[in-house]
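A short reminder: the numbers here are calculations on the coordinates, not readings from a lab. Computed from a prediction, not measured in an experiment: that's the story for all the values here. We place every Cβ from the backbone using ideal geometry, glycine too, and count neighbours over all the protein chains shown.
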């Protein structure tokens, strides 16, 4: 049994990705996110993708990637394509597996067009 099976997260994590995933942006909104150090929830920007995917908390690095490609106003990102990649970064003296966003070039297939949405109870992550 894995921790992610016992304590599933409502947020998309790097461990949820089997490989690169290209999808369309459905929405960007502020959502209450549990403070990992305790205390009150914090408002964070959250990226929602078309299809049956968990929402993803946007960090500054991924926000800047989207803003550079699609403009500063997140309302202009809706309907645009984005690729999610799992990678490792060194931060705070440790190596962490994280999601990084890239802007797809050309005719990269969009996951929500290539597969049927999976009911939440059957999601692979």
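Ordering 74, 52 from the fewest to the most neighbouring beta carbons within 10 Å gives 52, 74. Can you work out D for segment 17-65 in µm² s⁻¹ from Stokes-Einstein, where Rh is the Kirkwood radius over C-alpha pairs, the temperature is 37 °C and the viscosity is 0.692 mPa s? Taking Rh from Cα pairs, D becomes 270 µm²/s. Going from the fewest other Cβ atoms within 10 Å to the most, the residues 77, 11 appear in the order 11, 77. Note on segment 1-98: Cα-only Rg and Dmax are 14.2, 43 Å.
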